[in-house]
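A short worksheet on the structure shown next.
The values are calculated or read from the model by the stated rules, or taken from the named source; none is laboratory data. If you're wondering where the values come from, they're calculated on a predicted model, not measured in any experiment. A quick note on method: Cβ atoms are made from the backbone with ideal geometry, for glycine too, and the neighbour counts reach across all protein chains shown. In case anyone asks, the SASA skips ligands and DNA or RNA and just uses the protein heavy atoms, side chains included. Shrake-Rupley method; radii C 1.70, N 1.55, O 1.52, S 1.80 Å.
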Amino acid sequence: MTDLGSVAWPPAPIGTERLVLREPEARDRAAFIELLASPEVHTYLGGPRPRDELERKLPEVPERWPGSFVVELDGAMIGQILLRRAPEHHRPAAAGKADLGYLFLPRAWGFGYAAEACAAALDWFDSVLPGEPVVLATQTANVGSMRLAAKLGFTKVERFRAWDADQWLGLRAPITHSD
């Protein structure tokens, strides 16, 4: 997320039953290259980036900015959670709201890690920016992502067409923690 306001970054690592969400580190570079170059991961995201280009251009510590969490399982990166402000040129219903994104290596699919990690990131978000809504956009053809959005409590705001595919925009209403 490009504007966290007064939120301190990075937060302390966030532990779940099986995972740790933490800031990216240099040891994650190879996993980021695998993630960004994966045709399976990028089926609904416009295609993978060329591995040789990633090898040349990716910084020593990739994706190190507020809102970028590495998802770690047993000491190794298996995915990434992104929380960032949706740009003003995005869908009007999303503009300026926090936007949830996630990428997981194919070997981590089907075990519930994305739901567990996204729920933890959203809990963190709700604790540091209470009352803020979160949006999520995905292709309607991405059945797994659509299921995850529903599981996380996102409800349809609109369907639209972009990048030659049907898209879905969901909203998760603001949650505030009471003391």
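Antiparallel versus total DSSP beta bridges in the chain: what percent is that, nearest 5?
Beta bridges within the chain, antiparallel portion: roughly 95 percent.
Work out from phi, with θ = phi - 60° and the Karplus expression 6.51 cos²θ - 1.76 cosθ + 1.60, the ³J(HN,Hα) of each residue of segment 98-110, listed in order in whole Hz, and give x for Gly and Pro.
In residue order, the calculated couplings are 5, 10, 8, x, 7, 9, 10, 5, x, 5, 9, 6, x Hz.
Rounded to whole Hz and in sequence order, give me ³J(HN,Hα) for segment 68-78 from the Karplus expression 6.51 cos²θ - 1.76 cosθ + 1.60, θ = phi - 60°, writing x for Gly and Pro.
9, 10, 7, 9, 10, 10, 6, x, 10, 5, 10
Can you compute the FRET efficiency between Thr16 and Arg107 using 1/(1 + (r/R0)^6), with r the Cβ-Cβ distance and R0 = 25 Å? Round to the nearest 0.05.
With R0 = 25 Å, the Cβ-Cβ based efficiency is 0.85.
Check the straight Cα-Cα distances from Lys97 and name the lysines below 27 Å, setting aside those fewer than 8 residues away within the same chain.
Lys151, Lys156
Using a 1.4 Å probe over the heavy atoms of the protein chains, calculate the carbon and sulfur portion of the accessible area of segment 1-142 as a whole percent.
53 percent
Sequence-distant or interchain residues sharing an amide H contact under 5 Å with Asp99, placed H: which?
Correct list: Arg84, Arg85, Ala86, Val135.
Expressed in nm to one decimal, what extension gain is obtained for the pair His42 and Trp9 from 0.36 nm per residue of sequence separation less their Cα-Cα distance? Please list the in-between numbers first.
On the way: separation 33, 0.36 × 33 = 11.88 nm, distance 2.79 nm.
Additional length available on full extension: 9.1 nm.
Picking from Met77, Gly101, Pro39, whose Cα lies most toward the positive end of the charge dipole for segment 1-132 (charges on Cβ: Lys, Arg +1; Asp, Glu -1)?
Value: Pro39.
For Lys57, go through the aspartates and glutamates and keep the ones whose alpha-carbon is under 17 Å away, minus same-chain ones fewer than eight residues off.
Cα-Cα hits under 17 Å: Glu25, Asp28, Glu34.
³J(HN,Hα) across segment 51-60 via Karplus (A = 6.51, B = -1.76, C = 1.60, θ = phi - 60°), whole Hz, x for Gly/Pro?
Taking θ as phi minus 60°, the curve returns 4, 5, 5, 4, 4, 7, 9, 5, x, 4 Hz for segment 51-60.
Based on Cβ point charges of +1 for Lys and Arg and -1 for Asp and Glu, what charge dipole magnitude is obtained for segment 87-179 about its Cα centre, in debye rounded to the nearest 20? Spell out each step's value before the answer.
On the way: 9 positive and 10 negative charges, 76 e Å.
Using Cβ point charges on Lys, Arg, Asp and Glu, segment 87-179 gives about 360 debye.
When averaged across all projection directions, what area in nm² does the alpha-carbon convex hull of the chain cover?
Here the figure is 10.5 nm², rounded to one decimal.
Quickly work out the Glu60-to-Asp123 label distance, labels modelled 7 Å from Cα along the C-beta direction, and quote it in nm with one decimal.
Calculated label separation equals 3.4 nm.
Working out 0.36 nm times the residue gap between Arg51 and Arg161, then minus their Cα-Cα distance, what length gain in nm do you get to one decimal?
Here the answer is 36.7 nm.
What is the magnitude of the charge dipole of the chain about its Cα centre, with +1 placed on the Cβ of each Lys and Arg, -1 on the Cβ of each Asp and Glu, and no other charges, expressed in debye to the nearest 20?
The dipole of the chain has a size of about 420 debye.
Using the heavy atoms of the protein chains alone and a 1.4 angstrom probe, what is the accessible area of segment 77-147 per residue in square angstrom?
Here the per-residue accessible area is 40 Å².
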